[in-house]
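Structure record follows, encoded as structure tokens.
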């Protein structure tokens, strides 16, 4: 009986300050109060007006810049992009929807992005890239040897590969989805000790293929590396947070 009553309740979703800022900008654009080319007030002024920290304002602006809705011009400040009002409003709606993405979608996107990033890294990597990826792998190995959680070191290894792809869009997209994946992994304890040891061996293989510029093999190795997590998400319901 108690469980039946509980099912009548639904999750309370608390909006983030960043989302509320984006919503206000959307409303101003939709109403015509903010037009393409209009300059936004300074970060400090917006922070004081919203009564929140400047970090939230900065994050909201960066997110809207990433999707081409705002532009920061040297010595001119941040302005609304030169798109039509309908297009801008539609883009912001899409940005807000992206914040409600489910974990399965994140992993599917990650597999596509990381496979391509690894292949490009094998093709374009520099000696400096090899050094930074190797250092990230060393930190991951050290964390495992010291029996410490190695999630951050694991994901840093992948981000360094994205850096080596020399594709700024791929790299930026990885930076967008990585925090959400880290949050889910930590909350649900997805990666156990045994999985971490296997991942270490796979990381070493991936790095070896990048060093040897073997594009085909590194793509195959990355897909194999992400196979377990791809299989795992197939068991999940959508909108899992």
For residue 65, are the conditions met, namely being outside the structural domain of residue 173 (by TED's automatic domain parsing), within 27 Å of the chain's Cα centre (by Cα) and free of Cβ contacts under 8 Å to residues at least 24 places away in the same chain? yes
Going residue by residue through segment 223-241, is there one that turns out to be under 14 Å from residue 122 (Cα atoms), at pLDDT 80 or above and buried (at least 18 other Cβ atoms within 10 Å of the Cβ)? no
State whether the residues of segment 21-43 include one that is at positive phi, at pLDDT 90 or above and under 28 Å from the mean Cα position of the chain (by Cα). no
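Residues checked against (1) surrounded by 20 or more Cβ atoms within 10 Å (Cβ to Cβ); (2) at pLDDT below 95; (3) outside the structural domain of residue 221 (by TED's automatic domain parsing):
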{"position": "76", "(1), (2), (3)": "no, yes, yes"}
{"position": "108", "(1), (2), (3)": "no, yes, no"}
{"position": "133", "(1), (2), (3)": "yes, no, no"}
{"position": "140", "(1), (2), (3)": "yes, yes, no"}
{"position": "150", "(1), (2), (3)": "yes, yes, no"}
{"position": "154", "(1), (2), (3)": "yes, yes, no"}
{"position": "162", "(1), (2), (3)": "yes, yes, no"}
Of these, 123, 114, which one is in a helix (DSSP H, G or I) and surrounded by fewer than 18 Cβ atoms within 10 Å (Cβ to Cβ)? 123
What about residue 213, is it modelled with pLDDT of 90 or more, surrounded by fewer than 18 Cβ atoms within 10 Å (Cβ to Cβ) and not in a helix (DSSP H, G or I)? yes
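The values are calculated or read from the model by the stated rules, or taken from the named source; none is laboratory data. Quantities reported herein were computed from a predicted structural model and do not represent experimental measurements. Cβ atoms come from the backbone with ideal geometry, glycine included; neighbour counts cover every protein chain shown.
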